[in-house]
Amino acid sequence: KDANAALLSNFEVYQLLTDLKQQRKESGKTKQSSGQQNLNTIMYETLKYISKTPCRYQSPETVREFLAAMKDHKLTK
């Protein structure tokens, strides 16, 4: 489906950022452009903020259960 059509939950953003952080640690690249440094700062600040929210303790199963429970309410974006 259209990748731009859906919204991401805080849990999905947290998972994505932690996965990217792990990949960067494993790759070990140190030389970065200024644009990459800006992106790293945004990722760091976002991860720092979102780590303080309850999404840190969620799992894919709890998100699926929540979405299933809310389906009957016909909420919009």
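The values are calculated or read from the model by the stated rules, or taken from the named source; none is laboratory data. The shown structure was predicted, so the numbers you read here are calculated from the model rather than taken from an experiment. All Cβ positions, glycine included, derive from the backbone under ideal geometry; neighbour counts span all protein chains shown. Accessible surface is based on the protein model in full, side chains and every heavy atom, while ligands, DNA and RNA are left aside. Shrake-Rupley method; radii C 1.70, N 1.55, O 1.52, S 1.80 Å.
Give me the percent of accessible area attributable to carbon and sulfur for the chain, probe 1.4 angstrom. Could you put the intermediate results ahead of the total?
Values: 3800 of 6930 Å².
Here carbon and sulfur together make up 55 percent of the probe-accessible area.
Please give the per residue accessible area of the chain, computed with a probe of 1.4 Å over protein heavy atoms only, in Å².
Numbers: 6930 Å² over 77 residues.
For the chain, the per-residue accessible area is 90 Å².
Judged by the gyration tensor of its Cα atoms, with axes a ≥ b ≥ c, the range 32-73 is prolate; a/c meets the 1.5 cut and a/b is the larger of a/b and b/c.
Modelled spin-label separation between residue 39 and residue 53, with each label point placed 7 Å from Cα along the Cα-to-Cβ direction: 2.2 nm. Among the listed pairs 25/48; 21/52; 48/77, a Cα-Cα separation exceeding 22 Å is found for 48/77.
Within the assembled protein chains, the solvent-accessible surface assigned to residue 46 is about 50 Å², based on a 1.4 Å probe. Normalised Debye scattering of the chain at q = 0.16 Å⁻¹ gives log10 I(q)/I(0) of -0.76, counting only Cα atoms as equal scatterers and leaving out solvent.
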